[in-house]
There are 2 protein chains.
Amino acid sequence: MAQIITGNSDLIKQVNRSLVLDLIRQRGPISKADVKQITGLNFTTVTNAVKDLISQGLVQEIGYGTSSGGRRPMLLTLNPEARYVIGCHLQSTELIVGLYDLVGRLLYSESHSKLPADTPEMVVDRIRTGMYNLLAKAEVDIKKVEGMGVAAPGPLDAENGVLYTPPNMLGWHNVPLKQMLEQATGVPVFVDKDGNAAAVGEVWFGKGKGVRNLIFIIVDDGIGAGIVVHGQLYRGSNTGAGEIGHITIDLDGPRCSCGNYGCLEAIASGFALVRKAGEAIRRGATSQLTPHLNNITLSQLLTAADAGDKLACDLLEECGRLLGIAIANVVNMYNPELIVLGGKLIQHSPLVFHRAQELAHNRAFSVLAEKVRIIPATLGDKYLLAGAAALVFTHLFRGPMNDLPA
Amino acid sequence: MAQIITGNSDLIKQVNRSLVLDLIRQRGPISKADVKQITGLNFTTVTNAVKDLISQGLVQEIGYGTSSGGRRPMLLTLNPEARYVIGCHLQSTELIVGLYDLVGRLLYSESHSKLPADTPEMVVDRIRTGMYNLLAKAEVDIKKVEGMGVAAPGPLDAENGVLYTPPNMLGWHNVPLKQMLEQATGVPVFVDKDGNAAAVGEVWFGKGKGVRNLIFIIVDDGIGAGIVVHGQLYRGSNTGAGEIGHITIDLDGPRCSCGNYGCLEAIASGFALVRKAGEAIRRGATSQLTPHLNNITLSQLLTAADAGDKLACDLLEECGRLLGIAIANVVNMYNPELIVLGGKLIQHSPLVFHRAQELAHNRAFSVLAEKVRIIPATLGDKYLLAGAAALVFTHLFRGPMNDLPA
DNA sequence: GCATGTTAATATGGGATTTAGAATAAGTGG
DNA sequence: CCACTTATTCTAAATCCCATATTAACATGC
């Protein structure tokens, strides 16, 4: 039994406070009368809850609304400046820190270059100074920072915020990032893998609002996913759910870095495309990538495709096809309402997206395929930074009973 | 927002009552003092809750325990005869009805033959009379029946208890089974697909006790699964989660009944094995199945394998291998703590199970493969009947906050 | 401009439940 | 027989919600 929650007046209070707070957050300017109407709570209860929330600074009265035949209602909204949230997107070569207000607006962000050889201590220090820079710029007191969310490359232990062996970070093994950052900054830190952050971000700020079953698939150098079921982030038993890069699509496919054969990541990821391009050229294919044969990059490949390079286009199309089949598998297993695709390959190549979408719809079990929507990520290039921030919002707004996005 | 739960004294009461009830259920004979200790509730609260539960007949005092240095504790248990539950396993050719007491013991069961051409009305009537037979035999008043759980073949709508188009049931389309049965019997009915029932049964009565993330895979004529995540049954957006029979394993595989190519069900199900056996014999393979060429059954194939028939053994081994690869995919996507395999192929062929187990462990992403346990079903041949009953137990024992199996 | 009705918000008293702490009951061990 | 421990019951106080009455502010029609 994870955590026994007993019923007492405190629980009631928490339940109702968070219910009211979340309603004010979601339904924008709203009167107490409407809150009473929607929740079914007694007016006195609503009044007391709102009084509490106002005294905590979370909610503010913004003036009277229009009358509908009687006394004008006092409208309530979230106070955007009541609390702030730090988002942090950690990659092997870049580090972005952003400051969000309570309604999820990005106020400032800073990008720091990062070398694979940088130590955890150096990175933590850079995040700390980045955070203080942002706070200074926005003139925000650190006391108003509700927490920091970190989107990091997996595999990791989300509960304890420990990075196991992030790719391309030399010497990083079992780094207790959460603990280090909390010590360095003094604010609560929530670490999760990038796929999960992206999923939560989409549910919180994007087209996933109100969606209870959603999967976010990141197609980048590698392939990973974040999964939301029953309106909550699903991490599996060891933060390993969503390793869709390593599902077998092709029984006789090439060997993958994980040791198996025919994994999705081995045939449809950014890395795989680059490898395939090199192989094709060596086999004699003509392509504008030929001069770069020994160090083709994904960006070059995408650029070549934009310019109509046949090899690049074929590779992307095939990538989309394989992705589509994998997505069909995901649909058959999870029967989600929404699948969101993100990552460099999706963002820069409509071809990949459309092919994947088409094949997923064709190949998934028809009843399920009809219902699922498959869309590209809606939060632009900072989707992982927003997702990192959303990790904190989830904790801030969740009560014992209201089931919230992720 | 699905259902707004507000906090009031009634919620408190429900939370604590169900917490105490569930504790008594799980920890067997237990004293109020221990309940207080474990839950952290006040003694008065525990006393009142227990008083309520006793007056409802759900809990009974069974005498004093041994002293540990002070007054002897009065021990509490569930009253097995307080309520009863009907389980019903519906298949195209057979119908089993069983009567379970509150602690999950099967008191009586009846098997009825069923023809594919039987109408829903006939089946409902047979279930009704079956139920009354059982109640008469056990001398149980129908008022004590908490509900009926039905494990049925998918696809179906579990919420409304509607069977869409169950295989091999002629003329069954959108049958509102829940509604029909509730009208016929007067007790609450919970319909779910067989995979889900099996999963819940395993969590409730089998090796899945206390497991929060589990997947039950049924390998029979077809292949399906039931999924438990966060300790709750996961049905997906349209009761379609767990259609693992239709995930693509082999890009260039044979056509499946669903219209795609290389689905697991098309290459590793009972139906597929029978088809493959016929094909192999026609191609000239020698086998003791040859005389039955035009109507080979799965049982014959399994018997042949037991007798050492090379073709049958090879087919089963290949089946296990393919299953193992599919299971590895499931592990990579769900990262469950436990995978349970059931169904005719698993129950009758250790070869299939062991091969599948081995390959799944070899092919899944290593971090996840190390943690997952893969075991055969533990509830014998009535696992689906038990699962059907468990569907009701879930409703009976779940409170607003205690997260229970399924 | 005033009476009437409507909507929003506040104030008051009552009820349900938990909690804390004292009191009681029933043991153990020396 | 006494000191100590454990289990249980009893009583009073606290907290929170709810129902109802009341006040406040506005719209509308005459």
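The values are calculated or read from the model by the stated rules, or taken from the named source; none is laboratory data. Here the structure is a predicted model, which is why all the values come from computation and not from measurement. No Cβ is skipped: glycine too gets one built from the backbone with ideal geometry, and neighbour counts run over all protein chains shown. For the accessible areas, the whole protein counts, side chains as well, though only heavy atoms, and no ligand, DNA or RNA atoms are used. Shrake-Rupley method; radii C 1.70, N 1.55, O 1.52, S 1.80 Å.
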In the stretch B:10-48, which residues become less accessible by 40 Å² or more once every protein chain is in place, relative to the chain on its own, using a 1.4 Å probe? B:12, B:19
Which residues of the stretch B:309-347 bury at least 40 Å² of accessible area once all protein chains are present, versus their chain alone (1.4 Å probe)? B:329, B:332, B:333, B:334, B:335
Cut-off 13 Å between beta-carbons: net charge of the residues surrounding residue B:127, Lys and Arg +1, Asp and Glu -1: -2
Exposed-loop-free span, longest in chain B, where trypsin sites (Lys or Arg not before Pro) count as exposed if DSSP calls them loop and at most 14 other C-beta atoms lie within 10 Å: B:284-406
Between residue A:107 and residues 5 or more places away or on another chain, the pairs with built amide H atoms under 5 Å apart involve A:99, A:100, A:101
Ignoring GluC sites (Glu not before Pro) that are buried or in helix or strand per DSSP, and keeping those with at most 16 other beta carbon atoms within 10 Å, what is the longest stretch of chain A between them? A:160-406
Sum of side-chain charges, residue A:393 neighbourhood, beta-carbon under 14 Å (Lys, Arg +1; Asp, Glu -1): 0
Once amide H atoms are placed 1.01 Å from N in the peptide plane, what residues at a sequence separation of 5 or more from residue B:241, or on another chain, have their amide H within under 5 Å of its amide H? B:236
Across peptide B:245-257, how many C-beta atoms of other chains are within 10 Å of each residue C-beta, on average? 5
Of the DSSP beta bridges with both residues in the stretch A:209-378, give the percent that are antiparallel, rounding to the nearest 5. 55
Averaging sequence separations of C-alpha pairs under 8 Å and six or more residues apart, then dividing by the length of chain A, give the relative contact order as a whole percent. 15
Between rounded, prolate and oblate, where does chain B land on the alpha carbon gyration tensor, with a ≥ b ≥ c its root eigenvalues, rounded for a/c under 1.5, else prolate if a/b exceeds b/c? prolate
With every protein chain in place, the accessible area of residue A:10 for a 1.4 Å probe, in Å² rounded to the nearest 10, comes to 90
Which whole-angstrom value gives the distance between the alpha carbon centres of the stretch B:55-100 and the stretch A:123-172? 51
Within 13 Å, Cβ to Cβ, of residue A:404, how many net charges do the neighbouring residues add up to if Lys/Arg are +1 and Asp/Glu are -1? +2
Residue-averaged 222 nm ellipticity for the protein assembly as shown, from DSSP H runs of 4+ at -39500 (n - 2.57), nearest 500: -13000 deg cm²/dmol
Going from most exposed to least, what order do B:122, B:148 have by accessible area with a 1.4 Å probe? B:122, B:148
Could you tell me what percent of the accessible area of the stretch A:275-379 is made up of carbon and sulfur, with a 1.4 Å probe and every protein chain present? 51
Surface per residue (accessible, 1.4 Å probe) for chain A, Å²: 41
Taking each label point as 7 Å beyond Cα in the direction of the beta carbon, state the distances from residue A:109 to the same residue in the other copies, shortest first, in nm. 5.8
Sequence-separation-based contact order of the stretch A:209-378, relative, with Cα cut under 8 Å and 6+ spacing, percent: 22
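Once you have a ≥ b ≥ c as the square roots of the Cα gyration tensor eigenvalues for the protein assembly as shown, tell me rounded if a/c is under 1.5, and otherwise prolate or oblate according to whether a/b is larger than b/c. It would help to have the intermediate numbers written out before the result.
Values: a/c = 1.85, a/b = 1.05, b/c = 1.75.
Oblate, since a/c reaches 1.5 and b/c is not below a/b.
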Round to a whole number: what % of the accessible area of the stretch A:17-67 belongs to carbon and sulfur, probe 1.4 Å? 46
Ordering A:119, A:303 from largest to smallest accessible area (1.4 angstrom probe), what's the sequence? A:303, A:119
If you take every DSSP beta bridge whose two residues both sit in the protein assembly as shown, what share of them, in percent to the nearest 5, is antiparallel? 65
Any idea what the residue A:132 label distances to the other copies are, label 7 Å down the Cα→Cβ vector, nm, shortest first? 8.2
When all protein chains stay in place, what accessible area (Å², nearest 10, 1.4 Å probe) is found for residue A:113? 100
Give me the accessible area buried between chains A and B, both sides summed, with a 1.4 Å probe, in Å² rounded to the nearest 100. 5400
For chain A, the helices passing both cut-offs (Cα extent along own axis of 24 Å or more, Kyte-Doolittle mean at least -1.0, full DSSP H runs) are A:9-26, A:120-138, A:310-334
Distances from residue B:26 to the same residue in each other copy, label points 7 Å out along Cα→Cβ, in nm, shortest first? 2.9
Using amide H atoms built in the peptide plane, which far-off residues or other-chain residues are under 5 Å from residue A:59 H to H? A:54, A:79
Relative contact order (%) - the stretch A:9-78, alpha-carbon pairs under 8 angstrom, separation at least six: 36
Can you work out the Karplus-derived ³J(HN,Hα) for every residue in the stretch A:283-296? Use 6.51 cos²θ - 1.76 cosθ + 1.60 with θ = phi - 60°, whole Hz, and x for glycine or proline. 6, x, 5, 9, 6, 6, 7, 3, x, 8, 2, 8, 8, 5
Which of the pairs B:51/B:143; A:207/A:371; A:344/A:382; B:178/B:344; B:310/B:344 have their Cα atoms more than 18 Å apart in this structure? B:51/B:143; B:178/B:344; B:310/B:344
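Looking at the square roots a ≥ b ≥ c of the eigenvalues of the Cα gyration tensor of the stretch A:128-223, which shape do they give, rounded for a/c under 1.5, prolate if a/b is larger than b/c, or oblate?
Note, shape of the stretch A:128-223 comes out oblate.
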